[in-house]
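S.K.: Structure below; questions to follow.
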Amino acid sequence: MIVSAGFNHVATLSADLDRIVAFYEAAFGAEKVFEMAAADDHPRMAVVDIGGSALNIFEVAPDAILGDRRVQGGRGAIDHFAISVDSLATLETMRDRLVAAGAEIGEIQQLGDLWSLFFRDPDGMELEVCAPSDAG
């Protein structure tokens, strides 16, 4: 029996916290619900509500971000995360919102029982937006 209720948050890194928070606000209508100033033992961070779960974004120096965000396998053990939307129509709207917010986007494609749209955020990280499909 599954005892979890899903993901609470995904923690990610950015060299420009203000830019990446503004991106998620513009593209997803996300809301910054908490911000912490940098301290000796903790980088500056923000918690961004993306609708039922959150992104915890830590601001770090560019050279502290290891790997190549543009290459699968270069992004570390977790390759990407996907944000859910409720329908293909919403996914099509998201495509337009992502473009307006400055994301690089791919094409909407059907992957089994999901519609999928891959995009790159302003940091170059590949991410995905998914919607349910009737197929599968």
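The values are calculated or read from the model by the stated rules, or taken from the named source; none is laboratory data. These numbers were taken from a predicted model, which means no experiment stands behind them. Note: ideal-geometry Cβ built from the backbone for every residue, glycine included; neighbour counts use all protein chains shown.
S.K.: Are there any pairs with C-beta distances below 7 angstrom linking a residue in region 28-41 that is modelled with pLDDT of 95 or more to a residue that is among the acidic types (Asp, Glu) and in a loop (DSSP other than H, G, I, E, B), with the two at least 6 apart or on different chains, and if so which?
M.R.: Final answer for the pair search is none.
S.K.: Hey, another quick one. Could you go through region 40-56 and let me know if any residue there is out of contact with any helix residue (DSSP H, G or I) (no Cβ under 7 Å at 6 or more places or on another chain), assigned by TED's automatic domain parsing to the domain that holds Gln110, loosely packed, with under 13 Cβ neighbours inside 10 Å and farther than 22 Å from Phe7 by Cβ.
M.R.: There is no residue in region 40-56 that is out of contact with any helix residue (DSSP H, G or I) (no Cβ under 7 Å at 6 or more places or on another chain), assigned by TED's automatic domain parsing to the domain that holds Gln110, loosely packed, with under 13 Cβ neighbours inside 10 Å and farther than 22 Å from Phe7 by Cβ.
S.K.: Separate question: Tell me, please, whether a residue that is over 15 Å from the mean Cα position of the chain (by Cα) and not acidic (Asp, Glu) can be found in region 45-52.
M.R.: Looking for residues that are over 15 Å from the mean Cα position of the chain (by Cα) and not acidic (Asp, Glu), one finds at least one in region 45-52, hence yes.
S.K.: Moving on. Looking at the structure I just gave you, is Val85 modelled with pLDDT of 90 or more and either in contact with a Cys (Cβ under 7 Å, 6 or more places away or on another chain) or surrounded by 17 or more Cβ atoms within 10 Å (Cβ to Cβ) (or both)?
M.R.: Values: modelled with pLDDT of 90 or more: yes; either in contact with a Cys (Cβ under 7 Å, 6 or more places away or on another chain) or surrounded by 17 or more Cβ atoms within 10 Å (Cβ to Cβ) (or both): yes.
Yes, satisfied.
S.K.: Taking the conditions exactly as written (touching a Lys or Arg at 6+ places or on another chain (Cβ under 7 Å), within 20 Å of Glu128 (Cβ to Cβ) and part of a loop (DSSP other than H, G, I, E, B)), does Gly67 satisfy them or not?
M.R.: For Gly67, the condition - touching a Lys or Arg at 6+ places or on another chain (Cβ under 7 Å), within 20 Å of Glu128 (Cβ to Cβ) and part of a loop (DSSP other than H, G, I, E, B) - is met.
S.K.: Do we find a residue being in a strand (DSSP E or B), assigned by TED's automatic domain parsing to the domain that holds Ser14, surrounded by 11 or more Cβ atoms within 10 Å (Cβ to Cβ) and over 13 Å from the mean Cα position of the chain (by Cα) anywhere in region 104-120?
M.R.: For region 104-120, residues in a strand (DSSP E or B), assigned by TED's automatic domain parsing to the domain that holds Ser14, surrounded by 11 or more Cβ atoms within 10 Å (Cβ to Cβ) and over 13 Å from the mean Cα position of the chain (by Cα): absent.
S.K.: Does region 20-33 hold any residues that are under 18 Å from Met45 (Cβ atoms) and loosely packed, with under 14 Cβ neighbours inside 10 Å, and which are they? Break it down into steps so the answer makes sense when it comes.
M.R.: Step one: filter region 20-33 for residues under 18 Å from Met45 (Cβ atoms), giving 20-25, 30-33.
Correct list: Val33 only.
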